[in-house]
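Undergrad: Got a structure for you, questions after.
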């Protein structure tokens, strides 16, 4: 019984000490947020989140008008289609951006080669559309402009 009581007391003491160190750490930096990042091919830190995320320098309505007027969808049919696309871009501190990968979500197709072809066509079209866009308003961390990876979801509404 004495061993069990000693073990419980040690656990309580450990928990109290851990709580103390955690509260010290949090108290020392109350407004500091840790942001994850990766390095791009040029060694630039590209963050996944920021205090202030990037924004388009054109209105949402103008963006959707541009997208709808220039978008060329690959040929799909009832046997091979998808309903969501995620287009990744990196927005740099000067507002310039670089297009990245394209992910087709929920492909309803067993023909991988056909999906890959659709993905390539769609990526080329989106690259062309985005490369014709004006600069973005960059992201900020602690009031400093930073590069951020930004994913744009595009929902596809098909009628067969």
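Where a number appears in this text, it was derived from the coordinates with a stated rule and is not lab data. Because the structure is a prediction, the values reported are computed rather than measured. In this analysis, Cβ positions are derived from the backbone assuming ideal geometry, glycine residues included, and neighbour counts consider all displayed protein chains.
Undergrad: For the stretch 30-160, what is Rg from Cα atoms divided by 2.2 N^0.38 Å, rounded to two decimals?
TA: Against the empirical 2.2 N^0.38 Å value, I get 1.19 for the stretch 30-160.
Undergrad: Right, something else. What does the C-alpha gyration tensor say about the overall shape of the stretch 38-107? Classify as rounded when a/c is under 1.5, otherwise prolate if a/b is larger than b/c, or oblate.
TA: oblate
Undergrad: In whole Å, how far is the Cα centre of the stretch 66-95 from that of the stretch 118-150?
TA: The distance from the Cα centre of the stretch 66-95 to that of the stretch 118-150 comes to 12 Å.
Undergrad: Going by how many other beta carbons lie within 10 Å of each one, how would you line up 45, 119, fewest first?
TA: 45, 119
Undergrad: How do 121, 38, 61 rank when sorted from fewest to most other Cβ atoms within 10 Å of their own Cβ?
TA: Fewest-to-most ranking of 121, 38, 61: 61, 38, 121.
Undergrad: For residue 41 and residue 117, compute 0.36 nm times the residue count separating them, minus their Cα-Cα distance, and round to one decimal in nm.
TA: Once the chain is fully extended between residue 41 and residue 117, it gains 24.7 nm.
Undergrad: What's the exposure ranking of 154, 34, going from fewest to most Cβ atoms within 10 Å?
TA: With the fewest neighbours first, 154, 34 line up as 34, 154.
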